[in-house]
Amino acid sequence: MNPPQDSPDRSHALVRYRWPLVIVALAMMVLLAYVASLWTSKEILTETMDRGGQAGRFAAEKAEEIAGRFLSGNITKTFEAAIPEVFSTGGGNLELATAEKTETFRTHDDKLVLWDSVWLGTTVSEIRVPVTYRYHLRLSEPWQLEVSNQTCIVVAPPIRPSLPPAIHTDRMEKKSEAGWARFNASVQMTELERGITPTLRLYAGDHRHINLVREECRKTVAEFVKTWLLKEEHWRTDRFSAIKVIFSDELETDLVPGETTLRLEMDP
């Protein structure tokens, strides 16, 4: 039996509509691909918006956190928390300034005998020695920072002497003079030398010596605070552009400075 063959009409119809069917099939494929791309784009857009929202929320939270650090109620606490990270000498002190001065120590005594009728002469001893005084403040003591416009007002711990002062014995000068009947110059010189260190300790803490280095100490503290502001990215024209340093022992005196200690240098 012979196999069935397509009729001439059916074959003619397939040949006639072959290319329209191909075009329709291609069009369906393009349409499906377009729909798929729209779906994929929607998913990417949704994910991007979600990420963007998270980034925006993070940025807003970060900005709020940074701004909160510089509210009047928070700035002191933030600064004190950052002190160990900014600078420390290892002993909890911030070295402020040094000053060298030549100190003179002099003593003399007269000797009279026979009811003060016979004068045996005067013994005079003198020591001249260069001394280096060093001053610091304790980082562990209370700090107070306030915000006034774009000025950071710092109330720092008091200036303290670093004891004992450094005595430069290699440049020490001594001289003694004894009266015609006096033989105690050596003993007198020994006693004078023994009293140098205790006397210098008193000198170092005297307000007159501290006042000689006070302004230099003020500048050092301002630079110290500036380092912290730079670390926090707040030493700039739109945040803090000036620092005023006051030492706590100045608050009850007439030594409180009126001028700012350090200003941000503006570009010309």
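The values are calculated or read from the model by the stated rules, or taken from the named source; none is laboratory data. These numbers were taken from a predicted model, which means no experiment stands behind them. Counting neighbours? That spans all protein chains shown, and the Cβs are built from the backbone with ideal geometry, glycine included. The area values use the complete protein model at the heavy-atom level, side chains included, leaving out ligands, DNA and RNA. Shrake-Rupley method; radii C 1.70, N 1.55, O 1.52, S 1.80 Å.
Rounded to the nearest 10 Å², what accessible area does residue 108 show when all protein chains are kept and the probe is 1.4 Å?
Accessible area, nearest 10 Å²: 110 Å².
Order 225, 124, 256 by their accessible area, 1.4 angstrom probe, all chains in place, largest first.
In descending accessible area the options line up as 256, 124, 225.
Take 172, 28 and sort them by solvent-accessible surface of the protein heavy atoms, 1.4 Å probe, largest at the top.
Largest accessible area first, the residues go 28, 172.
Once the whole set of protein chains is in place, how much accessible area is left on residue 109, using a 1.4 Å probe, in Å² to the nearest 10?
Accessible surface of residue 109 is approximately 50 Å².
Using only the heavy atoms of the protein chains and a 1.4 Å probe, how would 219, 244, 101, 77 rank by accessible area, largest first?
Heavy-atom accessible area, descending, gives 77, 219, 101, 244.
Compute, for region 146-262, the length of the dipole vector about the Cα centre, with Cβ point charges of +1 (Lys, Arg) and -1 (Asp, Glu) only. Units Debye, rounded to 20.
Here region 146-262 has a charge dipole of around 360 debye.
Using a 1.4 Å probe, how large is the accessible area of residue 162, given in Å² and rounded to the nearest 10?
30 Å²
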